[in-house]
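Right, one structure below, let's go through it.
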Amino acid sequence: MPIVKIDDTDFTVEKGTSVLQAALANDIEIPHYCYHPALEIVGSCRMCLVKVEGMPKLQVSCNTFVGDVPSDKKIDGKYDMVVSTQDELVQQEQKNMLEFLLLNHPLDCPVCDQAGECDLQDYAFKYGNAHSRFEEDKRVRPNEYLGSQIVINHNRCILCSRCVRFTREISGSSELFVEARGYNSKISVLEEKPLDNLLAGNVADICPVGALLSTDYIHKNRIWNLDKQPSICQDCSVGCNVDVFHQKDQILRLTPRENHSVNKFFMCDKGRYGFHRFEEIERLTVPMIMSEGGFIETTWDEAIEKTVDELNGAGKGIAGIASPFHTNEANFMLGRLVNGNVGTLPPITSEEINYPSGFRISGDRSPNRHGMNDVCPSIVDDFASAVERKDIRFLYLLDDGIDRELNELWKGMLEKIDFVVVQSYAMTDVSKCADIVLPGQAPFEREGTITNDMGRVQWLRPSVTTKGESRPDWEIPMLIQSKHAGVEGLTDVSSVMNEMGKDFAAYSDITFFRLGDQGLPLNGKAEE
Amino acid sequence: MATIVKSYEPTFWDRLYLPALAKGLAVTLKHFFRKKITIQYPDEKYVPPDGYRGLHRLNKYPDGKIRCVACEMCSAACPADCIHIIPGPSPWEDGKERFPVRFDIDLLRCIFCGFCEMACPEEAIELTEIYDFSNYTRDDLLIDKEGLLGVYELTKDTNYYSRPNAGQDSEALTSDKF
Amino acid sequence: MDFLGFVIICVKVLVVFSATMLTVLMMVYAERRVSAFMQGRLGPNRVGPQGLLQPIADGIKFLMKEDIIPAEVNKPIYLLAPAMLLIPALMTFAVIPFGSTITLFGREVPLQVADLNVGILYILALTSIGVYGLVLAGWASNSKYSLIGGLRSSAQLISYELAMGLSVVSVILLAGSLKLNVIVEDQQGYLLSWNVFKQPVAFLIFLVAVYAETNRLPFDLTEAEQELVGGYHTEYSSMKFAMFFTAEYANMVTAAALTVTLFFGGWDVPLLNETSMGALGAILSVLSFILKTAFFLFLFIWVRWTFPRFRYDQLMKLGWKVMLPLALINIFVTGGYLTLTSLR
Ligand code: SF4
Ligand code: SF4
Ligand code: SF4
Ligand code: SF4
Ligand code: FES
């Protein structure tokens, strides 16, 4: 394999690796704009210039590849390539490139939403001049809507064409293009074909400057005020890795997080803007009990006491409804509570979308169907007839939290069962059928593991604190079960995972520590 | 072992203490007749020196638009963490595209260091020389955007630091329109 | 005693009492003004002309304040203590002659409430009783600060009472009487016949002891704010605190008057024979007494705002190792001198 020397350090790299990739992989910074690991190389921004020994001019490192050199031609008898990123000439050129990029760039940082995570800002600070020699008037263009969610500020655009390549290569929809040439070039869309595909939000992420902006986040906050929590998107069964940006228990935006086994670099707009759903929701925060005419608030102690009483009274006639929206731990504890007598609500589906790049939006809108099936192996599809057959009198229902119309069959069934416990975070139609409602967590409050449809277990981390008196989803069935069986309760979610591993071999070596940011494939079932 | 080094051996008169006592009494008596330095506040007012850092104000352009663009540089620079800003798109068609929807300063936490005015890229926040703004409740010392603009109206004839852009209006300073 | 005599006595008591109280009020004001002046400030100058009504405002404030009695105090003693301090303080003034004699309704009226033949002893006795007020206040408050304050004051008083008494003995030796009137008359005549010139050492000892007796700086160990919060009166509030306050100032007035009487010729105006000048003489004598007392009151304040507080061990050392021997030696010298001159 070729050996390349970058600034005094030797690296052995694959043949055909670009210098920029080699450097980035080894924590050597080379400033770059147009290069994006997911996109084709164009080499247009000229920011990544480096000096390569033996070449007369500076080279763009993103488009210079390391190859095998015959042994008699090796430099110093050893290296296939010698690169300097710190050469004086390189530094001078970096300054010059930045000066070019900033010619028409406005001094907008105070009003620019990219400030704080802007490559132009960072590089200008690190490699650029402190002042500009440009005295003429800057080119000023008005902002434009490219699609319903994306605004472009042409003044800030550095024409790296990342966004254009994204729509061509990743979404395959090719809405964006560079209009005109030279001084007049600008990113544009055709009027009849605006940027309105389900991956559009990603262009705002990959734009290295603040030119492409999501209307959802524009002028909302400043990036350094937000806390970033790595987590998992819960809007479909793909389980895209995301960063949740939140402040004071309020989520402000979601951005995709790199995970090459799941979503690579991107996420879809359903998930990206999905969190808004929970802002309007009427959140349940106290246990409620049904008494003539309506729900009244009660305490946890009473609610659990009552549930356990009913559970005792029901004898063998107990069943549970697992939910593909809940974590493995919650479903597992439910299965334990009802002795594996589980069914599930009808699935919520939409059309599955596949993009040419391989990016997929699943048709199954629930994040954890795979995991639910794993930890509740005896799920019956035809739950209604099972209810008839087994004379079910006590039902514990983990609610999806999605507002949906129940069909007549389910309605009739819930009516018939003597005692229905619903664990939910919202007053959905399902919760309204309950005799007792126990408040659980909303999606971004949950902690636990979820398994995506490819069988990858991922760590779902809480981004905001649990509201009011609500309790962790796994804890409520656990409390009831331990009280009912008269055994010691489990204390934290890790011990639930531990128990789960004992019952289901596939989950036996799963711990938060091992899952980390990237998750693990289930034993023996790893795709890839 | 500690050694005692006597730098001074008191004489008989010193040990008598009486001359020293008399000297002390003389000092206080001298001050008794000196000019008093008290400033009788409500009647006489203390005039702070140039560069005094008092109550904040939020500046406006001559055409009445708020200079602040809610960039939150001030709150990032604030060591007391007492500036709270909620930004939003500005209501004006022309001019800066962003402005503070809310702008609160907790004057009780503020240490009047002036970092905020140094950090401000728009020369929007500025410390005036107003020092007598005590109040009866804590709530009254949380000053909001209206309050800060009110301070500007009170003090707009004074330039507390040299402002090269003072004369221009907001339009001349912006390059883009949203 | 006939009826007229009784009325005259009553009037004298009233005059002396109200004069003392008035002086106390003025002292409160003076203390604040003088201290402010010495510190380059102005002090209270808002209530009335030049702030002269400030003490009244203070008094009203004291009356309006909530009267707090802490839960764990020994209530009877706690309530009694301020009075036990204030009453002796006011009673002391009874034997001090504040002027020469005037003729009213055809009788000689000495300007003194009671001319006891044990005048000096009476004063020493009363000041010693006063200390009960402090000690009991400290004990009854059931607070460590108060208790320490009270204990300190008792130790301090015993130490300095001795020196004070002994320094007065030399004065008594000169006058040959315990009657204050006689002592004053003894100092009549030239300026140099004042005891301060005959007994400078005794005067110094007496002066220092008087500061210690009145608990004034530099000897206010009993209420040392930095260590004891407020000393014996930490737990007192409102009017009861005001009584302690008044007592302290009343003590100062008495002490100043006593100093004047013993060492500065009392009401004597040098080179004048007031008794032979009738009403004019009496007025002059009263004026001279007031002026001298005023000076010593000023000195009290002046000293307070000049000197820092003693440390407790320094205080004890000074009392027992310096003042007491000095006073004893002084008595021997005076006695020896008197014996020698009378033998001749
Ligand atoms: S794109 Fe970057 S450099 Fe340009 S205004 Fe925005 S933050 Fe500043
Ligand atoms: S809009 Fe952003 S991503 Fe697109 S070309 Fe301009 S700078 Fe690049
Ligand atoms: S003066 Fe200092 S402490 Fe006060 S608001 Fe400004 S930066 Fe914060
Ligand atoms: S006052 Fe200045 S620094 Fe603060 S938000 Fe406004 S423009 Fe930014
Ligand atoms: S990153 Fe290499 S030219 Fe743009």
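The values are calculated or read from the model by the stated rules, or taken from the named source; none is laboratory data. Predicted, not measured: the structure shown is a model, and the values here were computed from it. No Cβ is skipped: glycine too gets one built from the backbone with ideal geometry, and neighbour counts run over all protein chains shown. The protein model used for the area step is the full one, side chains on, heavy atoms only, and it has no ligands, DNA or RNA in it. Shrake-Rupley method; radii C 1.70, N 1.55, O 1.52, S 1.80 Å.
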Go through the range A:115-129 and give me each residue that's assigned to a loop (DSSP other than H, G, I, E, B) and away from ligand 4 (no atom under 16 Å from the Cβ). A:GLU117, A:CYS118, A:GLY128, A:ASN129
Out of everything in the range A:41-77 that is more than 16 Å from ligand 2 (Cβ to nearest atom) and touching a Pro at 6+ places or on another chain (Cβ under 8 Å), what residue ends up being modelled with the highest pLDDT? A:VAL66
Residue check for B:VAL101: in contact with a helix residue (DSSP H, G or I) (Cβ under 6 Å, 6 or more places away or on another chain), under 24 Å from A:LEU107 (Cβ atoms) and either within 13 Å of chain A (Cβ to nearest Cβ) or open to solvent by 50 Å² or more (accessible area, probe 1.4 Å) (or both): no
B:PHE32 passes all but one of (1) more than 14 Å from chain A (Cβ to nearest Cβ); (2) in a loop (DSSP other than H, G, I, E, B); which number fails? (2)
For the range B:54-110, enumerate the residues that are charged (D, E, K, R) and away from ligand 1 (no atom under 16 Å from the Cβ). B:ARG57, B:LYS60, B:ASP63, B:LYS65, B:ARG67, B:ASP81, B:GLU93, B:ASP94, B:ARG102, B:ASP104, B:ASP106, B:ARG109
Tell me, yes or no, whether the range B:34-45 has at least one residue that is buried (at least 21 other Cβ atoms within 10 Å of the Cβ) and more than 30 Å from C:PHE310 (Cα to Cα). no
Just name the residue that is most open to solvent (accessible area, probe 1.4 Å) out of those in the range A:217-233 that are within 13 Å of chain B (Cβ to nearest Cβ) and closer than 12 Å to A:ILE251 by Cβ. A:LYS220
Please specify each residue of the range A:78-108 satisfying the condition of being in contact (Cβ under 8 Å) with a residue 24 or more places away in the chain and either within 16 Å of ligand 2 (Cβ to nearest atom) or in contact with a His (Cβ under 8 Å, 6 or more places away or on another chain) (or both). A:MET97, A:LEU98, A:LEU101, A:LEU102, A:LEU103, A:ASN104, A:HIS105, A:PRO106, A:ASP108
Of those in the range A:130-185 that are in a strand (DSSP E or B) and within 18 Å of A:ASP216 (Cβ to Cβ), the residue farthest from the other protein chains (Cβ to nearest Cβ) is A:ILE150
Are there strands (runs of 3 or more DSSP E) fully within the range B:54-111 with at least 1 residues that are away from ligand 3 (no atom under 16 Å from the Cβ)? List them. B:83-89, B:98-106
Going by the structure shown, is A:PHE100 of a type in the set (Phe, Trp, Tyr), within 16 Å of ligand 1 (Cβ to nearest atom) and open to solvent by 20 Å² or more (accessible area, probe 1.4 Å)? yes
Within the range C:305-314, is even one residue in contact with a Gly (Cβ under 6 Å, 6 or more places away or on another chain), of a type in the set (S, T, N, Q) and open to solvent by less than 40 Å² (accessible area, probe 1.4 Å)? yes
For the range C:237-263, name all the residues that are open to solvent by 10 Å² or more (accessible area, probe 1.4 Å), within 25 Å of C:ILE172 (Cα to Cα) and over 8 Å from the mean Cα position of the chain (by Cα). none
Helices (runs of 4 or more DSSP H) fully within the range A:439-521 counting 3 or more residues that are at pLDDT below 90 and among the basic types (Lys, Arg): none
Among the residues of the range C:93-100, are any more than 14 Å from chain B (Cβ to nearest Cβ), within 30 Å of B:HIS31 (Cβ to Cβ) and in a helix (DSSP H, G or I)? no
Matching entry among B:GLU123, B:GLU129 (being within 14 Å of chain A (Cβ to nearest Cβ), touching a residue at least 60 places away in the same chain (Cβ under 8 Å) and either in a loop (DSSP other than H, G, I, E, B) or away from ligand 4 (no atom under 12 Å from the Cβ) (or both)): B:GLU123
Checking A:VAL209, A:VAL203 in turn, the sole residue that is within 14 Å of chain B (Cβ to nearest Cβ), crowded, with 20+ Cβ neighbours inside 10 Å and within 16 Å of ligand 1 (Cβ to nearest atom) turns out to be A:VAL209
Subset of the range B:41-53 that is more than 14 Å from chain C (Cβ to nearest Cβ) and more than 14 Å from the chain's Cα centre (by Cα) - its residue that is nearest to ligand 3 (Cβ to nearest atom): B:TYR46
Pairs returned, first residue in the range C:128-149 that is farther than 15 Å from C:GLU223 by Cβ, second residue that is β-branched (Val, Ile, Thr), beta-carbon separation under 7 angstrom, 6 or more apart or interchain, are C:LEU136/C:ILE77; C:ALA140/C:VAL73; C:ALA140/C:ILE77; C:ASN142/C:VAL73
Looking only at residues that are open to solvent by 20 Å² or more (accessible area, probe 1.4 Å) and not in a strand (DSSP E or B) in the range A:186-200, which one is nearest to A:LEU159 (Cα to Cα)? A:VAL189
Those residues that are open to solvent by 70 Å² or more (accessible area, probe 1.4 Å) and more than 14 Å from chain B (Cβ to nearest Cβ), I need them from the range C:315-344; list them, please. C:TRP320, C:LEU328, C:ILE329, C:PHE332, C:VAL333, C:TYR337, C:THR339, C:LEU340, C:SER342, C:LEU343, C:ARG344
Would you be able to tell me the number of residues in the range C:16-46 that are within 14 Å of chain B (Cβ to nearest Cβ) and either over 30 Å from C:PRO110 (Cβ atoms) or surrounded by fewer than 18 Cβ atoms within 10 Å (Cβ to Cβ) (or both)? 16
